[in-house]
Amino acid sequence: MEVFFYINLGITLTDELSWSSHVRWIYNRTNSTLGFLRRILRRCLAKLKETVYIMLVRFTLEYAAAVWDPHLARDCDLLEKIQRRSARFVKGDHRTTSSVMQMLHDLGWRDLSVSE
């Protein structure tokens, strides 16, 4: 079965009416942006890293969230994975023994699934 998709205003529409392709597109885009930020801001202060994360990564993760509101656990987990990696980047703590949930709490970042 061939799947057709169309990107309009940054939202991926498919003939299956599934948001998974849009979520994967957002994941790939934000993952690439985060990788770039990690390379260029390696030695910067945490506050600067957080500001840049919010402006470039978080904004993209939340774009059109009211429209698609991912209801599949795998889609939500994929987007939350970017946020967890970003928390490690901002805090500068990449140890496997560190608690990412504590980092998110310390930074005051809410889950992407929580609407304001």
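Miscellaneous remarks
- Extending 7 Å from Cα along the Cβ direction at GLU62 and again at ARG24 yields two label points whose distance is 2.7 nm.
- When LYS91, LYS47, LYS81 are arranged by Cβ crowding within 10 Å, least crowded first, meaning fewest neighbours, the order is LYS47, LYS81, LYS91.
- Extension reserve of the MET55-ALA73 stretch, reckoned as 0.36 nm per residue once the Cα distance is removed: 3.9 nm
- Between ARG38 and ARG88, residue separation times 0.36 nm minus the direct Cα-Cα distance comes to 17.0 nm.
Bear in mind that the values in this text are calculations on the coordinates, not laboratory data. Everything quoted here is computed from the prediction, not taken from an experiment. Neighbour counts are summed over all protein chains in view; Cβ atoms, including those assigned to glycine, are modelled from backbone coordinates with ideal geometry.
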